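Chemist: Can you read through this structure? Questions will come right after.
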């Protein structure tokens, strides 16, 4: 194996509290029931629009007003509590030193993703950071991961795709890459294994042993 692509939220970056807090503030504004943070582990994974869609009551249709309120709140609060998971920065730095090409493919908005990398992943070299480009290529669509493979000048089967949700496992399989799950993210290990994870990683530094 010669390259590695990471999901962002729940894999490299612990962002659940900021996402859940913004969603709950939006729900409160409309007098809808709020959710405990652990519920958002199931709501995330398919982009922010789907997160708030899952958070509102089942009998409510998501309106542009609700969505825009949520997105505006999150835009102003998406790095309040969020931070890289323990060991992530040193692991990424080691991959850089080993000469392994590293990239990020996420369903988070492109501007947010770039801002987070600039703020919280300083000094780490990424071949590419691709997020939600508003062109219907969200994961599990493999298009963006295949673009990254081209940038790395590698075949898909030479690349690990590392993530924490079923969406990530499906993305890896759709792209012909090797799906790797992490146990510290938003979903249970059993789900990752059921959806195709070939290996489960329990500590960030263990990723180095893949090479």
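A short reminder: the numbers here are calculations on the coordinates, not readings from a lab. Predicted model, so just to flag it, every value in this text is computed and none were measured. Positions of Cβ are generated from backbone atoms using ideal geometry, with glycine treated the same way; all protein chains shown enter the neighbour counts.
Chemist: With both partners inside the chain, how many of the DSSP beta bridges are antiparallel, as a percent to the nearest 5?
Modeler: Just about 10 percent of them are antiparallel.
Chemist: Picking from 74, 30, 13, which is most flexible by a Gaussian network model of the chain using Cα springs under 10 Å?
Modeler: Per the Cα network of the chain with a 10 Å cutoff, 30 tops the list.
Chemist: Given contacts defined as C-alpha pairs under 8 Å and at least six residues apart, what's the relative contact order of the chain, whole-number percent?
Modeler: 26 percent
Chemist: Based on alpha-carbon centroids, what's the gap between the range 84-143 and the range 160-189 in Å, whole number please?
Modeler: A separation of 15 Å, based on Cα centres.
Chemist: Ranked by Cβ crowding within 10 angstrom, fewest neighbours first, how are 14, 168 ordered?
Modeler: Listed from fewest to most nearby Cβ atoms, that is 14, 168.
Chemist: Rounded, prolate or oblate, given the Cα gyration tensor of the range 16-77, with a/c below 1.5 counting as rounded?
Modeler: rounded
Chemist: While we're here: Under 10 Å, Cα contacts only: if you run a Gaussian network model on the chain, which one of 111, 103, 23 comes out with the highest mean-square fluctuation?
Modeler: 111
Chemist: Expected output is a single nm value to one decimal: the length gained when fully extending between residue 32 and residue 153, i.e. 0.36 nm times separation in residues minus the C-alpha distance. What is it?
Modeler: 38.7 nm
Chemist: Calculate log10 I(q)/I(0) of the range 86-126 for q = 0.20 Å⁻¹, where I(q) comes from the Debye formula with a single equal point scatterer on each Cα and nothing for solvent.
Modeler: Computed log10 I(q)/I(0) values: -0.64.
Chemist: Can you give me the angle between helix 16-29 and the longest principal axis of the chain, using Cα atoms only, in degrees from 0 to 90, rounded to the nearest 10?
Modeler: Result, in degrees: 20.
Chemist: Nearest 10 degrees, 0 to 90: what angle lies between the long axis of helix 110-120 and the longest principal axis of the chain (Cα atoms)?
Modeler: Tilt relative to the chain: about 70 degrees.
Chemist: Please give the helix 143-152 orientation as an angle from the longest Cα principal axis of the chain, in degrees from 0 to 90, rounded to the nearest 10.
Modeler: Result, in degrees: 30.
Chemist: As a footprinting exposure proxy, order 18, 164, 59 by other Cβ within 10 Å, with the fewest listed first.
Modeler: 59, 18, 164
Chemist: Among 104, 180, 88, which one moves the most in a GNM of the chain with springs linking Cα atoms closer than 10 Å?
Modeler: The residue with the greatest mean-square fluctuation here is 88.
Chemist: Right, here's the next one. Could you please tell me the mean projected area of the C-alpha convex hull for the range 52-104, averaged over all directions and given in square nanometres to one decimal?
Modeler: Orientation-averaged projected area of the Cα hull: 5.9 nm².
Chemist: I'm spelling it out carefully: the read-out is Cα Rg over 2.2 N^0.38 Å, the candidates are (i) 1.23; (ii) 1.96; (iii) 0.99, and one was derived from this structure. Which label?
Modeler: (iii)
Chemist: If we count other beta carbons within 10 Å of each Cβ, what is the order of 54, 25, fewest first?
Modeler: In order of increasing Cβ crowding within 10 Å: 25, 54.
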